[in-house]
Structures are given as C-alpha cells and as structure tokens.
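The values are calculated or read from the model by the stated rules, or taken from the named source; none is laboratory data. What you see is a predicted model; the values in this text were computed from it and never measured. Ideal geometry is used to build each Cβ from the backbone, glycine not excepted, and the neighbour counts take in all protein chains shown. Each accessible area value is taken on the protein alone, full model and side chains, heavy atoms only, with ligands, DNA and RNA left out. Shrake-Rupley method; radii C 1.70, N 1.55, O 1.52, S 1.80 Å.
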Amino acid sequence: MKAFTVNLRNFFKMDTGNSFGNFDADKREMVIPLYQREYKWDFDNVKTLLYDISVRDKFLGIIIFDEKKTNYELVDGQQRATVCYLTLAALYNYYKGSAMEQQSIMRLLKPYGRFILRNESVGQYLDEHACEITVKTDVGADVYCQRTALAGAYGMIAEFLSEMDTVQVKTFRDKMLECEFLVLINDTHTRTNPIEQVFLDINEKSQLLEVEDIFKGHCFENFDEYNHGELRGLWISLKQCALRFKENFYYENLSRYLYLFILANDSVNWPEKLVYNGRHYLDGKTMDETKKCLCDMIDYGNSVLNFFGNTQKDGYRFDDLCRNSYDYRDTDDHKVLKILSNRILRCQSAQYQKLPFMRFIFELTGSEAWQTAFTHKEFRAVVTNLFIYTQLFIVSVGKKSKHDIDVTVRDALISGDKRAVIGAARNLRKNKVEKFELKPNERFDRLSAVYSLTDYYDPNENWITFVYMRESGFNSEHFIIPDKRHLSLQWKHGGSVIPLQLNGIDGRYKRKTVNLLVLDKTLNKELDRFDIVTKIEMIKEWYEKRGARIPAHVGTFIGMIEAMDTYKELCDCKARPFDGSAVSEKYKQFIEVYFSENHEQTMLNTLKELFKRRFENNGACRD
C-alpha cells in the first residue's frame, strides 16, 4: 500500500516530483471502471468545491486507486476528480486565443497524448477541436445516463469562471493547482484485498459514502480477487437494473433499490444503512451467498422490468404469467390489467406498497407451477386487490414508513399455497378499505382511482371493469367553482346566457374534493362555466341521450346538491324574471352553505360510505 500527498498539478501528470516512484511510469492513465458508481454530483456539490478552492487552501480529500497491469482504477474520489478535470477543461476554453495558456492547461488534461482521466461508463466525453473542448457524450456509450449531469457540471463551472475578471481567474487557477489530494494506491493484491478494507474503514465509519458504495465494498471484501472480474460484471448488471427502475418506477438510485429489495425479501427489519446491531447485511456471507444475493436482485429487477415492458405492448395478454389468460384475449381484461399494473408500478408516493405486487410478478415469472396454478380470474383478483391496496394507501392519512411494508404476500408465495396468496392480497385490500378516509383536498390522479372503484368495482368478481384516466378521455370537472383565476359564471336564463360575477368567494374552494367530479372530457368541455343548475341538467341529458347510467359518484353529488334548500332557491330563480343582484346573492349563499365545514364533512362521509358499500357482497367474493 502506497500513501502520499500530491497537488492537483502533479496529480493529473501522475508525477509526484520525487524519486520514490509513487506512480508507475508505464501506467499513465486513470480509469473510472464500469462497475463504479456514476457521476452524480449536483450543482450545490460543484459550487461548494469551487467556492472552497477560491477562498482557502483546499485539501481535496482522499483518492483511492487500485493498481492494475496497464492503468490505475479509481476506487474512491471520482466525483471530486471529475469536477477538477472538468474545471481544467473550462479553464482551457476560458483562455481561447491565448495559445501558451491553453498549452499549459492541455499538459494537465493530456500529459501523455490523450485525456488522462477515462470513464468507462460514459465513453469519451471530452472532445478537443479548434482550440476548444466540448462536453458531448455518445448516447450508446453512456451506460448510466450521465450526459446531463456532466454537461450541467461543466456549464456551472464555465459560468463560475465567466463571473471573474482575468486576475481572479488566474488566482483561482493557481490555487486550484496547488490543492492537494491524499492518494492511497493498492499495489499488493493479496487475499485480504486491503484496498477494499481501507475503502470501507475510511468511508463507512465516517458515513461519507452512500449505501451502494458501502454495499459494493463489502461485496469485494467477500470475494477473492480471482473472482473480482465476475463480481464486476454482476455489479454492472445490478446498476443497470437500478437505473431502469429509476427511469420507470421513480426509485432514487441504486442505494434505494438495494434497500427496498432487502426490506421486501429479508425477515430482518434492516435500517437504510443496512447495518443492524453493528453488522452489515453482507457481513459473514460466503462468496456463493454474496453472488446469490446479487443474482436474486438482478433477476428480480429484470423480471419486473420485462413485465412492465410487456404491458406497453398491444398484443400482450398476460399468458406468460397465467396460462389460461389467453382464453380471455377477446375481452377487455388485458386492457384493464395493464392499466392497474402500470398504476401500481409507476406510483411515486407508494414505493413500499409496490413491493408485494413486484414480488408477485417476480415469483410468477420464474415458476411454471405458479403460472399453471392460477386461473385467469384468480390472477385478475390478486392484481385488483393489490391495486386497491396501493391506491388507498396513497390517499390514506398519516405518515408512511417501512413499518407499513407487507410481508404476508411474500410469505404466502414462499409457502407455495395459492389460496394463501389470494387471501393475503384480499386481506391487504380489506384492511385499506376499512380504514379508508377521503381527504378534503385530493388530486385528480388519486380521485380518479377512488371514483373508478366507486363506479366500476364488481365485488362478486373482485374486478374493476373500467379505470378513469386522462389518456382514456377523462379529467376533473370543477363542479361548483370553475377552474378559472376569477370566479365568473354563465347564468343560463331561458334562451340567454348572462355573465354572473361572484366576487369575494374563497379561492381555496376550487381545490376542494367536494368541488371535483371525474367526467368525460367532451362533457366537461360542454359544461364550461355554466351555473350549477344548468350543469346538472346537462349531465342528466348527456347520459340519457347515450342510454347510460350516471356514474355513482356523480349521482351522489347531484343528489346531495338537489336536496339543498339554497339550490332549490337557485332553481326558483330560473322560473322568475332575471334579477342580477338577487341571483348573485342567492348563488353566494349556495356556495357558502355548500362549502361550509358541516356540509363538506357530510359530503365526504357520504362519498366514503358509497365507496365502502362497493365492497359489500355478503361474503360472496369469488377470489
């Protein structure tokens, strides 16, 4: 193990200026290997480093290298090294037109004829042409999608320099080049693999690293060096899974992927750092156990991702997970199942509650026995129950935590008992229905799920025949208070439409749950800003013309409004000659009563009871 300090000027030259040969003269390249984490510093991290360099003599921290046959692999410190390297590129461009200044900086960027810092996960991201360096990344080579982060970092650095005059830039450059790293190089590869142990000792104890970095360190500690090549391949596959989970399912990063997988698949309630009673999750595991853990994480991720990809295909009928689902290919079941599945997986605010569904998909993907055991209706019922569970969790009151994670579905799947799986999913749904409360202010995406269940849930089949979505032509109708900046209504009187200003009404009413219906976009547009009496008439006529029943939640709204005395007074105004002042006053009274605390709570309670009644079937549920 070598340890030495070196300033930035000599760091990128890989020359410490002494006779001890800290860097091997035959290995003139620093490489960020593919298995390492991606570049992920945000603007605040970059700005802090630049500011610290500009105001004080900055110690840049520890850099850890693993010495290989032809180069040095950067084990720890790539974020700082990358920012410093991009800063040199920005300085090179700043001095465009000053050949000697540029040559001086290029001797650090390319001391041996090529860019000294190479990143295997992003390819060649610096391009020199006509005395200017650009940051541009080949999308195909950008394994972990770092293009935006690297370009953003460079842009921020260039802006930082542009705000200085030439004297300030020179001072900053000189200070930066004198900043020092403490460099540790593993040049003795033994079975104990000291570089990984040093990596963990320095970073884990001071909590400088993220979960993924510490987890990776323990993986390398558990593996013999002879098997590190295989381990690196597994780690790359795992990172790619996590990246796709981030893109599709809103996981934050690989650390989150590891944490949620372990929470969902291990009986111990591990904390986020994956250290329980002083012991890391991987402590004491053999190479085979560590490999199995990584392979399970990869297989789990790929099975869910492949399933998600299938649900985007028109021809997909779920028959890879349930053998007789193809018999239902001519029904609309597959369309609804795709919607339910996507709503679960792409939900941002119920990450813990996705886990039972993901585990269900994972188990069915890898088991022909499970695929044959579940009938289409049973499969459909499990998906429906888990959809209801996740959607009601989103609208539930109270803080969501890892203690809410369900393990009953997982345990039932492990037991191999189909009835236990169906029962566990049903119990999750039942529990959430029993505790369901409708909040005073709900967004469209949440209300659309609740009203889909209210209007289209079949308790005997345990199945939702239709789901409200913007993509299928539905949106929210601001029923009482229009979705406009100023409260202006169109009072329909006989054959005339008369503008009606209602100043002084609380603007917060517009966002109330009791102000929102979910309606067909065409109907919604026709309703426009007409008064409430006209709207109700138009809704009734719209459904009557189509020979369709009014949806349950819409009918409930209409029934409660029609029972109000203040609404009846508005109806009376329609039968008399128009009096603007009288109508305006009556309308304000109607609105104030409608949104009064007592009436609002009564409506919320009525909607809640309507919702719960959809699940009453006297025990006749066939799931």
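Checked against (1) over 30 Å from Asp483 (Cβ atoms); (2) more than 19 Å from the chain's Cα centre (by Cα); (3) assigned to a helix (DSSP H, G or I); (4) not charged (D, E, K, R), Thr331 passes all but condition (3).
Meeting the requirement of 3 or more residues that are under 22 Å from Leu447 (Cα atoms) and of a type in the set (Asp, Glu), no strands (runs of 3 or more DSSP E) wholly within segment 471-588 can be named.
Looking only at segment 268-299, which residues are of a type in the set (Lys, Arg) and either under 28 Å from the mean Cα position of the chain (by Cα) or surrounded by 13 or more Cβ atoms within 10 Å (Cβ to Cβ) (or both)?
Looking only at segment 268-299, we keep the residues that are of a type in the set (Lys, Arg), and these are 273, 279, 285, 291-292.
Lys273, Lys285, Lys291, Lys292 - these are the residues of segment 268-299 that are of a type in the set (Lys, Arg) and either under 28 Å from the mean Cα position of the chain (by Cα) or surrounded by 13 or more Cβ atoms within 10 Å (Cβ to Cβ) (or both).
If the condition is being outside any loop (DSSP other than H, G, I, E, B) and either free of Cβ contacts under 8 Å to residues at least 12 places away in the same chain or open to solvent by 20 Å² or more (accessible area, probe 1.4 Å) (or both), then segment 137-151 contributes Arg147, Thr148, Ala149, Ala151. Quick check, is Arg9 open to solvent by 20 Å² or more (accessible area, probe 1.4 Å), farther than 30 Å from Asp165 by Cβ and in contact (Cβ under 8 Å) with a residue 60 or more places away in the chain? Taking the combined requirement at face value, the residue does not satisfy it. Of the residues making up segment 521-548, those that are at pLDDT below 95, in contact with a helix residue (DSSP H, G or I) (Cβ under 8 Å, 6 or more places away or on another chain) and open to solvent by 20 Å² or more (accessible area, probe 1.4 Å) number 2.
Do we have any residue at all in segment 457-466 that's under 23 Å from Glu592 (Cα atoms) and open to solvent by less than 10 Å² (accessible area, probe 1.4 Å)?
The initial filter retains those residues of segment 457-466 that are under 23 Å from Glu592 (Cα atoms), namely none.
Looking for residues that are under 23 Å from Glu592 (Cα atoms) and open to solvent by less than 10 Å² (accessible area, probe 1.4 Å), one finds none in segment 457-466, hence no.
Can you tell me how many residues within segment 404-421 are crowded, with 16+ Cβ neighbours inside 10 Å and in contact with a helix residue (DSSP H, G or I) (Cβ under 6 Å, 6 or more places away or on another chain)? I'd like the intermediate steps shown before the answer.
Looking only at segment 404-421, we keep the residues that are crowded, with 16+ Cβ neighbours inside 10 Å, and these are 405-407, 409-410, 412-413, 418, 420-421.
With in contact with a helix residue (DSSP H, G or I) (Cβ under 6 Å, 6 or more places away or on another chain) added as a condition, the list becomes 405-406, 409-410, 412-413, 418, 420-421.
Qualifying residue count, segment 404-421: 9.
If you check Asp333, Asp314, Asp299, Asp320, which single one turns out to be without any contact (Cβ under 8 Å) to a residue 12 or more places away in the chain and at negative phi?
Asp314
Here Met358 passes the criteria (1) within 20 Å of Met297 (Cα to Cα); (2) modelled with pLDDT under 95 except the one numbered (2). A single member of Lys136, Lys170 is touching a strand residue (DSSP E or B) at 6+ places or on another chain (Cβ under 8 Å) and basic (Lys, Arg), and it is Lys136. The single residue among Arg380, Arg359 that is closer than 19 Å to Val268 by Cβ, assigned to a helix (DSSP H, G or I), open to solvent by less than 30 Å² (accessible area, probe 1.4 Å) and in contact (Cβ under 8 Å) with a residue 12 or more places away in the chain turns out to be Arg359.
Can we say Phe318 is under 14 Å from Val383 (Cβ atoms) and either under 21 Å from the mean Cα position of the chain (by Cα) or part of a loop (DSSP other than H, G, I, E, B) (or both)?
Yes.
Per the conditions (1) open to solvent by less than 50 Å² (accessible area, probe 1.4 Å); (2) touching a helix residue (DSSP H, G or I) at 6+ places or on another chain (Cβ under 7 Å), the sole criterion not satisfied by Asn302 is (1).
The residue of segment 38-57 that is nearest to Gly123 (Cα to Cα), among those that are surrounded by 13 or more Cβ atoms within 10 Å (Cβ to Cβ) and either in contact with an Asp or Glu (Cβ under 6 Å, 6 or more places away or on another chain) or acidic (Asp, Glu) (or both), is Glu38.
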